[in-house]
Amino acid sequence: MTIYLNGQYMPVEDAKISVLDRGFIFGDGVYEVIPVYSRRAFRLAEHLRRLQHSLDEIRLPNPHSLTEWADIITGLIAANEPDDQYLYLHITRGVARRDHPFPNPPVPPTVFAMSNPLPAPRAGLLGVSAVTAVDNRWLRCDIKAISLLPNVLLRQMAVDAGCAETVLLRAGTPGEAAFLTEGAASNIFVVKNGVLLAPPKGQLMLPGITYDVILEIAEACDIPYSVRKIPADEVFDADELLLTSSTREVMAITHLDGKPVGNAVPGPMFHKIYQLYQEFKINVMRI
Ligand code: PLP
């Protein structure tokens, strides 16, 4: 595997960073994950825009222009197999004596990128099981921060239960019901009576690039949809639940907390959106 680190491509075995890197010490950094189909990055502009948002919110200047990012990514894709990959970009606030405030004067950021084979989307066609958990993360889930300990623990809950994902329910304000935010590493949609429901973007969830694609598809193909706060009881009473992410695309959640979701098989909304998503991908990659 060839990786990119601070201006150079190298075998992953040769890549070294300091133990004083603020990513290692504080989790002080942000990341992006970008799918690559037929050696072309999918929705690159949108991913780089979200990376800029994450960097802005942690007050870390972007070390590269869009053109430089595109060049780094092109080099990485060319140096790795297979044709369908996913890229991981990782930027930290660099190496400095351990102290919480930003290094002053600033130090060069650490820029790391790697590529991995993209899992085949068909694996999700059978449907997956999920568990629910209280969303106990911080209040800035819109930042794609590398400090992912809560997500790691929440996702492990799913694995321990033999499931693929943990659906997160954030406690409401006093008197208000808990509501759906997202998955531990995905966005979640609810389907009820033929309507696709999506939680609204904000600081309590990651603005998924796949989430945006799904809503664009719904809009373009006259699929009834609504973006609104979704109380927990609507999640448990759903006809269908969908999970989306750049690496898992769209999957049906057929069991939640051990109980069937709807008919316990991927439903008509899933099949429609899955199909449209595959067509959307092919059309985009043709351009
Ligand atoms: N929410 C969280 C917490 C994630 O980690 C991810 C992706 O890994 C997503 C949502 C989905 O975002 P995207 O569709 O951009 O991959």
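Distance from the alpha carbon centroid of segment 176-229 to that of segment 86-159 works out to 21 angstrom.
The magnitude of the dipole of the chain, with charges of +1 and -1 set on the Cβ of Lys/Arg and Asp/Glu and taken from the Cα centre, is near 420 debye.
Residue separation of Arg39 and Thr173 scaled by 0.36 nm, minus their Cα-Cα distance, works out to 43.7 nm of gained length. Near the amide H of Glu165, within less than 5 Å, lie the amide hydrogens of Val131, all on another chain or at least 5 residues away, with H placed in the peptide plane. Just checking the listed ones, Ser226, Ser246, Ser115: in the Gaussian network model of the chain with Cα springs under 10 Å, the one fluctuating most is Ser226. For the options Thr74, Thr132, Thr92, a Gaussian network treatment of the chain with springs between C-alpha atoms closer than 10 Å singles out Thr74 as fluctuating the most. Spin-label model, Met157 to Glu279: label points 7 Å out along the Cα-to-beta-carbon direction sit 3.8 nm apart.
Report the charge-dipole magnitude of segment 122-286 in Debye, nearest 20, computed about the Cα centre from +1 at each Lys and Arg Cβ and -1 at each Asp and Glu Cβ.
The calculated dipole for segment 122-286 is roughly 400 debye.
Taken one residue at a time, the phi angles of segment 34-43 give Karplus couplings (6.51, -1.76, 1.60, θ = phi - 60°) of 10, x, 10, 10, 6, 6, 10, 5, 8, 6 Hz. Gly and Pro are set to x.
For every helix of n ≥ 4 consecutive DSSP H residues, a contribution of -39,500 (n - 2.57) applies; sum these over the chain, divide by its total residues, and give [θ] at 222 nm rounded to the nearest 500 deg cm²/dmol. Please list the in-between numbers first.
Values: 7 runs with 81 residues, N = 287.
Calculated from helices alone, the mean residue ellipticity at 222 nm is -8500 deg cm²/dmol.
Within the same chain, lysines fewer than 8 places from Lys229 are excluded, and of the rest, those with a Cα less than 25 Å from its Cα are Lys144, Lys192, Lys201, Lys259, Lys272.
What is the local net charge at Asp99, summed over the other residues whose Cβ is closer than 15 Å to its Cβ (Lys, Arg +1; Asp, Glu -1)?
Working: positive: Arg22, Arg93, Arg97, Arg98; negative: Asp21, Asp28.
Summing Lys/Arg as +1 and Asp/Glu as -1 gives +2.
None of the figures in this text is laboratory data; all of them are computed from the coordinates on show. On a predicted model such as this, the values are computed, not experimentally measured, just so you know. Positions of Cβ are backbone-derived with ideal geometry, glycine not excepted, and every protein chain shown enters the neighbour counts.
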